[in-house]
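Data first, discussion second: the structure below is written as structure tokens.
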Amino acid sequence: MTEVIKTIEDMEKLYYTSIGQQYLGASDVQAGFIAKTDAPVVSTTTGVYNAVFGVQAWIQLNMEANTFGVLPKVPWTRSGFRAITARGNTMPYGGVAEGGAIADTVKPTFAEISTKPKTMHVTFESSEVQEFLADASDDDAIGSMQDLRTYFAAEHKEDINSALNTENGTLASNNFESIDRVVSSYAEVTNCSESDESTSYTTNDVDIYSQDRDSAASFADAYVGHNSSTVRSLTDSVIQTLLQNTLTNGANPNGQFFQTGWDTWATINQLYESQVRYHLIGEARIQPSVNGIKTPKGNDVGLNVSTMFNKPVIISKDTVQDTGGISRLYLLDSSNPEGYEHPRLCIKVAKPTQYFEGGMNDGSPFAVDKFSTKGLYRTMGELICPFFKVQGKVRDLKA
């Protein structure tokens, strides 16, 4: 070979390509030399190889918080609301006979519903040594407060989303109330079991805001389409019945949206795929905001979501799933056609999500009583539903 190796690229061409290897001599490649198994230095040799993983950690979790994202948020102005639970009299009231006396006055039935805010939070901590290694040296380390702040901001939203999607047999306790607890009824308590399809409800399990759902049907009942805790096929009739009952109960057709899980949405697509020419399933652009779901006009920026019967479909991984079946299907009304202080379904916020930090990073080690820094995300509020009957769900479903 007459050419001279001048660059590393020349060497690579010589040693790493078949064209170059034809110029190598016997002294460069000897079978006996290559076959030897002496004591080579390899990556597992102690002290030789130090893996550098970088300062990022790929999250191997689905951190979506779609339910929390789409519900409207309103400020907390008062701890409760009044509800009119029955009309003043049976309609039609009846006319007056000629010359007859005017009927006695009537009044509707009122109820006072008390609510108070709850605090959702998450805390985390990084030691001073870890903080130094992650931020102030060339060591390949993760776990600084900057890293943890980014991660736990997402996890805090996911935690709220999980609370909002807890099955109704589990008391909310110090967590936010859940959609499944809002959308429950006396009929569900008396005919069904919890989401495992076997555990019976106990007294007060599905009571919400101290409203009794165990004794009899009441204004606090939402519409629940069930099959007495025996999973049945999801059919068009089941979905149509859900639509009809919520609208009959006074739901605003322009303010409704569906929520379900990916498994149920796949089943719905299979159910209607031969009927797409009727536009039962489509797509829309929405804007999730503090005011809930909005449909942008013109060229406004938004998110593309699926629709069913021209209503947005929100998919959440946390949606309650019945054992042996698929996720429940909710039809929710978060609108405010009356122009009241807050919508028919919303999150009332007493204090918005805030971040707090104390410890070595801000010069207050005595506050945490150790050489570390602690962080905390906090959100104070509650899921509020002033109008139960317009909310609906179907449960006990299978593909």
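You will find that of GLY324, GLY339, the residue that is of a type outside the set (A, V, I, L, M), touching a residue at least 24 places away in the same chain (Cβ under 8 Å), on the phi > 0 side of the Ramachandran plot and assigned to a loop (DSSP other than H, G, I, E, B) is GLY324 and no other.
Screening ALA111, ALA103 for residues that are more than 24 Å from GLY339 (Cβ to Cβ) and either assigned to a loop (DSSP other than H, G, I, E, B) or touching a Phe, Trp or Tyr at 6+ places or on another chain (Cβ under 9 Å) (or both) leaves exactly one candidate, ALA103. Condition first: part of a loop (DSSP other than H, G, I, E, B) and crowded, with 17+ Cβ neighbours inside 10 Å. Now tell me which residues in segment 180-206 satisfy that. VAL183, SER184, SER185, CYS192, GLU194, SER195, GLU197, TYR201, ASP205, VAL206 - these are the residues of segment 180-206 that are part of a loop (DSSP other than H, G, I, E, B) and crowded, with 17+ Cβ neighbours inside 10 Å. Look at segment 247-271: where a residue is over 22 Å from GLU64 (Cα atoms) and a partner is part of a helix (DSSP H, G or I), sitting 6+ places away or on another chain with Cβ atoms under 7 Å, you get PRO253/LEU247; LEU271/ASP236. Among the residues of segment 165-179, some residue qualifies, meaning at least one is of a type outside the set (Lys, Arg), under 19 Å from THR323 (Cα atoms) and assigned to a helix (DSSP H, G or I).
The residue of segment 166-179 that is surrounded by the fewest Cβ atoms within 10 Å (Cβ to Cβ), among those that are polar (S, T, N, Q) and in contact with a Ser or Thr (Cβ under 6 Å, 6 or more places away or on another chain), is THR166.
Annotation: ALA103 fulfils all but one of (1) of a type in the set (Gly, Ala, Ser); (2) touching a His at 6+ places or on another chain (Cβ under 8 Å); (3) farther than 30 Å from ASP322 by Cβ; the unmet one is (2).
For segment 46-69, the condition of being aliphatic (A, V, I, L, M), modelled with pLDDT of 85 or more and outside any loop (DSSP other than H, G, I, E, B) holds for none of the residues. Note on segment 243-263: among residues that are buried (at least 18 other Cβ atoms within 10 Å of the Cβ) and over 17 Å from VAL320 (Cα atoms), the one that is nearest to the chain's Cα centre (by Cα) is GLN256. Considering segment 361-375, the residues that are of a type in the set (D, E, K, R) and either out of contact with any Ser or Thr (no Cβ under 9 Å at 6 or more places or on another chain) or assigned to a strand (DSSP E or B) (or both) include one that is nearest to GLU128 (Cα to Cα), namely LYS374. When segment 114-133 is limited to residues that are assigned to a strand (DSSP E or B) and surrounded by fewer than 12 Cβ atoms within 10 Å (Cβ to Cβ), the one that is nearest to the chain's Cα centre (by Cα) turns out to be THR123.
The values are calculated or read from the model by the stated rules, or taken from the named source; none is laboratory data. Note that this is a predicted model, so its numbers are computed, not measured. Positions of Cβ are backbone-derived with ideal geometry, glycine not excepted, and every protein chain shown enters the neighbour counts.
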